[in-house]
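The values are calculated or read from the model by the stated rules, or taken from the named source; none is laboratory data. Owing to the predicted nature of the structure, the values given are computational and were not obtained by experimental measurement. With ideal geometry, Cβ positions are generated from the backbone for all residues, glycine too; neighbour counts draw on all protein chains shown.
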There are 4 protein chains.
Amino acid sequence: MRYLRTINYYETDRMNFVHHSNYIRYFEEARVWIMETNGLGYAAVEAMGLMIPVLSVNVKYIRHITFNDKIEIDTRITKFTGVKMTVEYNVYKDGELTTQGESTHCFLEKSTLSPVNLKRAYPDVYTFFQKLYELTSNEE
Amino acid sequence: MRYLRTINYYETDRMNFVHHSNYIRYFEEARVWIMETNGLGYAAVEAMGLMIPVLSVNVKYIRHITFNDKIEIDTRITKFTGVKMTVEYNVYKDGELTTQGESTHCFLEKSTLSPVNLKRAYPDVYTFFQKLYELTSNEE
Amino acid sequence: MRYLRTINYYETDRMNFVHHSNYIRYFEEARVWIMETNGLGYAAVEAMGLMIPVLSVNVKYIRHITFNDKIEIDTRITKFTGVKMTVEYNVYKDGELTTQGESTHCFLEKSTLSPVNLKRAYPDVYTFFQKLYELTSNEE
Amino acid sequence: MRYLRTINYYETDRMNFVHHSNYIRYFEEARVWIMETNGLGYAAVEAMGLMIPVLSVNVKYIRHITFNDKIEIDTRITKFTGVKMTVEYNVYKDGELTTQGESTHCFLEKSTLSPVNLKRAYPDVYTFFQKLYELTSNEE
């Protein structure tokens, strides 16, 4: 699924490129959007007492983008075990790949900050991500 | 009192200026610093159950600054009643005034988000800010 | 005219509010959007050799907003002389006013950074802003 | 070499952690600082007509940090060929490792955006980075 986004002026730097740190923020937006769009918003997840922190992130910068560019972020869950999750991002501008990224996540009990196995503790959330994984991991 | 700061690359925009939104962040840094330096850190204030939110802010941009510039932010409490507070910021580069700003604040009980009269509810915090007001408001 | 925006996770702070500096960025987004929507994008303005820097900004925080909130920014040009311009922003959430702001601007020749009188130097840009001023200043 | 940094309030999010995107910015600060400290500032490099864009970045989040935390970023050039460079970052708080990161870079001619071999085109810059590589790559 593709998240659409226009680049803001304040996201450029004096090289006239989007500052490279901002992609991490676009990835978060895409992650939040793909959840919301498929029926479980991240705010709702937090309201249940769950957190989905980022364990690692990596980004590969291929082509730069700048102010006012329209990007599409192809967003896929490529791994999901109920304990950990990997999300992949491919950023396109005018059909050309500009940036690739990946983030890994775990699930934490908000009150204790201890790891959670979704299948046991939050079966509905487990089902949601399992379906989202199936839906997106093999998308054309 | 003067807070010293070097401008980061990621704070510039494609005009090659510091993006104008960042000054609001520098003002917050200066506010936090002036409290810490004078003996009461903002984290400690929060730990007491107090918040000092911003009610208003204004900025006047006179000269632009850019990456690697060294700035000094002259920071003064210009008004303090125990219920409200006004902080003034004058940003200098190489002795020249580049930016002026002002923020107004109130004091809130963190648990209820209701306004607090420091003099009654937090007399030590009241004394701290009263002294900081006296110290900075008339500085040369 | 109203610019619609959803608040991102990374725009909140540990108070659980949108950090107050971000409104300045939302105002810029609204300004860019209102120009684009009415036929003259800011990138196009820059391509002509013009800049529209911010001379001053002020913000009044009334109600806080947080992650996932949907806001509408009523954006109006309230003053326009061809040399200077004032833009007003009223931010609403669920019909309630949360934030008010104002920014003032001038027009600069990009190559020389000297002020420009649009009427003489860029008559088409003058006409554009004059119409946008008439359109938005008295909106219901 | 270790770059020291205090976490700002506006860098936290509503999880009460530093937002994970900010580490990319701290790494840039550390990179700029290590160059400046060793005698060649990044602004000077740009003034020569050179750019050092980021080709990739990765971050591993181990322990979270928050407002007012004091961090030290151990910063090392772990690879340098004159055409490409890898920088490694280990972030410590109170002596404990909180975050690890790595960025890779190339060198570009600013005017043409084409890759540069420093050894041939900018021998002084080559020598600078070669020495910095030798100095930091094997630090205790």
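In table form, for the structure just shown:
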read-out	value
Every residue from the stretch D:1-16 that is more than 7 Å from every other protein chain (Cβ to nearest Cβ) and modelled with pLDDT of 95 or more	D:Arg2, D:Tyr3, D:Leu4, D:Arg5, D:Thr6, D:Ile7, D:Glu11
Test: residue in the stretch B:41-49 that is aromatic (Phe, Trp, Tyr) and touching a residue at least 24 places away in the same chain (Cβ under 8 Å)	no
Single unsatisfied condition, C:Ala44 versus (1) on the phi < 0 side of the Ramachandran plot; (2) within 14 Å of chain B (Cβ to nearest Cβ); (3) surrounded by fewer than 21 Cβ atoms within 10 Å (Cβ to Cβ)	(2)
Selected residue (criterion: farthest from the other protein chains (Cβ to nearest Cβ)) from residues of the stretch A:77-92 that are surrounded by fewer than 19 Cβ atoms within 10 Å (Cβ to Cβ) and not in a loop (DSSP other than H, G, I, E, B)	A:Tyr92
Subset of the stretch D:20-41 [over 21 Å from A:Thr104 (Cβ atoms), assigned to a helix (DSSP H, G or I) and more than 7 Å from every other protein chain (Cβ to nearest Cβ)]	D:Ala30, D:Arg31, D:Trp33, D:Ile34, D:Met35, D:Glu36, D:Thr37
Filter result for D:Lys110 (farther than 30 Å from A:Pro53 by Cα and more than 16 Å from the chain's Cα centre (by Cα))	yes
Top-ranked residue of the stretch B:61-73 - restricted to ones that are buried (at least 16 other Cβ atoms within 10 Å of the Cβ) and within 14 Å of chain C (Cβ to nearest Cβ), ranked as modelled with the lowest pLDDT	B:His64
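Yes or no, residue by residue, for (1) within 16 Å of the chain's Cα centre (by Cα); (2) among the hydroxyl-bearing types (Ser, Thr, Tyr):
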site	(1), (2)
B:Arg31	yes, no
B:Thr37	yes, yes
B:Ala44	no, no
B:Leu50	no, no
B:Pro53	yes, no
B:Phe67	no, no
B:Arg76	yes, no
B:Leu97	no, no
